[in-house]
Every structure is written in structure tokens, then in C-alpha cells.
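Values quoted throughout were computed directly from the atomic coordinates according to the rules given, and no laboratory measurement underlies them. Worth saying up front: this structure is predicted, and the values here are computed from it rather than measured. With ideal geometry, Cβ positions are generated from the backbone for all residues, glycine too; neighbour counts draw on all protein chains shown.
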Ligand SMILES: C[S@@+](CC[C@H](N)C(=O)[O-])C[C@H]1O[C@@H](n2cnc3c(N)ncnc32)[C@H](O)[C@@H]1O
């Protein structure tokens, strides 16, 4: 009797163990699939000239070897205090030429491009008409949207004029006809842009770099749920909200926050601006940068 019971228990344990092992394997397979870069993303990045990241010292050396003092300026700017103005200096230094900008962006944003675009392709967005990228820098992501959504008109805006010049060159290199770039500050959009409506707006790594202008996202952590959001952040989310097509407009934001408090403030700022947040679509993306 007792041997039978023991046998029954050990069979059940074996079954449980086998099930757990199968589940673990399935989870591993899912993780592997999720971390794979879709072919269209890998092919586009290679075509655009985004190359693999190098070890830091080798990258610095190659930047100076290839681009001389312009390359050195980028390295100097990268390590200066990142307040609002010096951040702009970094963007303008690396946009001295498209090739320098691509070399710098491959190193600084290559992982981010791959992770974000892979996520976006998997999420399966299908904007029909107009796509806007706010803070498009040299237009790598914007050009991807133009290629990926050939039926859409794609617009990229950035407050750095040299970045916009590079973005236009990149679109030409890639023979893209459905993309335009505008030199504009999202805080003061020219009337024609401010009056347009977009199916899809993307704002990736823009709000998190606006810290000083907006009064410091980190410093906003003192904003509890009961307190009003800092007006600067709300002004930004309200601007994004006003540009969205009322019926079917979607906004994708991808930001680097230090902690969940910052994330919560961002979500609140979006909600308070009337942009409903779909928590089921929310994700954390891990990448090397
Ligand atoms: C970290 S980069 C991100 C670029 C691109 N979205 C990406 O994900 O690779 C931030 C960009 O936002 C731009 N930017 C920051 N504040 C802006 C503003 N007020 N109006 C327009 N562009 C802005 C910067 O010039 C810079 O090109």
C-alpha cells in the first residue's frame, strides 16, 4: 500500500517536472524569437550604413582616424555635461557629415535602433496615410518608416539643422520619395505642420533628453499622483496629442527612464493630455548601448 502511494507520488512529481521543463524550454524559445532581429530591420540598417558597435576605445580611434578633428569633437561632446544646450552641441557636432553621424549613431544608438524597430515590426502597426517622427535626428528611423510603410507620407522634424541636412541626404541615398524632413522645434511648430494630423507619431528618446528644459524629469519625481504634472511635460504631450488624427491616430513613445517613477510621470502626462495609454502594448526593451 505504502509502496503504491510512493509510486503514485513519484509519477506525479515526474509529470510535474516534465511539464516544468517543457514550459521552460518554450519560454526560452519565445525569448530567443523575441530577441531575433527581423530580416527587414537588419537589412535596412545595413543598407542605411548603421554598423556593428565596436569596443569603446577602438570606436574612438576609428572616429579620429576617419574624421580627424570633427571625430574628436564628437567624442569631446559625448562626455560633456549633458544639459539641454550641450546635448544640442553633440547632435550638431556629429552631423558635420552624414558618414560621421552614421559612425557616431551606430555606436551610440545602434542597439536602440535594432531593439525599437524589431519591436515595432513585431507589433504590426499599419498607418495608412501620415507618419510623424518628432526629434528624428539624422532620420534613420524615419527612413525605415518610409520604406516599411510605402503607402504613407512620412515626416521627420528635428531642432538641429545639421541633423536635418544629414537626414535629407540619407533619404536620397536610400532613394526614398515618400519622406520629408523639416527643421523645426516641436515646442514651436510652424503653422502648416501644427495643423496637420498624423496616423502615427513616434517620439523615441526625446522626452527623456529634454530633462533640463522641461524642469528635469528626475526632479519631477516629487510629483505624486495628487500633484499636477510639471507644465513643460504636459505642454509636450498636449502638442503630440493635438497632432494625432482624432479617429485612428496612434502615438508610439520609447524613452529611457531611470526608474518607474519617471515612467509613471510620463504615462500620467500622456493621459492628462488625452492620449490613452494601452498598457497591454507596453514593453521594456533591453539593448546594449
Ligand atoms: C536622443 S535623440 C533621438 C533621435 C531619434 N528619435 C532616435 O530615437 O534615434 C533626440 C533628438 O531629439 C531632438 N530634439 C530634442 N528636443 C527637440 C525639440 N524641442 N524639437 C525637436 N527636436 C528635438 C534632438 O535634436 C535629437 O536629435
Legend entry - Least to most buried among 92, 163, 128 (fewest other Cβ within 10 Å first): 128, 92, 163
Inset, instruction - Among DSSP beta bridges whose residues both lie in the range 41-281, state the antiparallel percentage, nearest 5. - result: 0 percent
Inset, instruction - Give the order of 260, 154 when sorted by the count of other beta carbons within 10 angstrom, beginning with the fewest. - result: 260, 154
Inset, instruction - Evaluate the range 41-281: find the radius of gyration of its Cα atoms, find its Kirkwood radius, and give the ratio Rg to Rh. - result: 0.96
Inset, instruction - Determine the gain in length on full extension of the stretch residue 123-residue 70; use 0.36 nm per residue of separation and subtract their C-alpha separation, reporting nm with one decimal. - result: 15.2 nm
Legend entry - Nearest-0.05 FRET efficiency for residue 17 and residue 43, computed from C-beta distance (R0 41 Å): 0.45
Inset, instruction - Report the extension gain between residue 252 and residue 192 in nm, rounded to one decimal, defined as 0.36 nm multiplied by the number of residues separating them, less their alpha carbon distance. - result: 19.4 nm
Legend entry - Proxy reagent accessibility, fewest Cβ within 10 Å first, across 40, 23, 147: 23, 40, 147
Inset, instruction - Evaluate E = 1/(1 + (r/R0)^6) for residue 173 and residue 24, where r is the Cβ-Cβ distance and R0 equals 51 Å; express this FRET efficiency to the nearest 0.05. - result: 0.65
Inset, instruction - Compute the length gained on full extension between residue 259 and residue 285: take 0.36 nm times their separation in residues and subtract their Cα-Cα distance, giving the result in nm to one decimal. - result: 8.0 nm
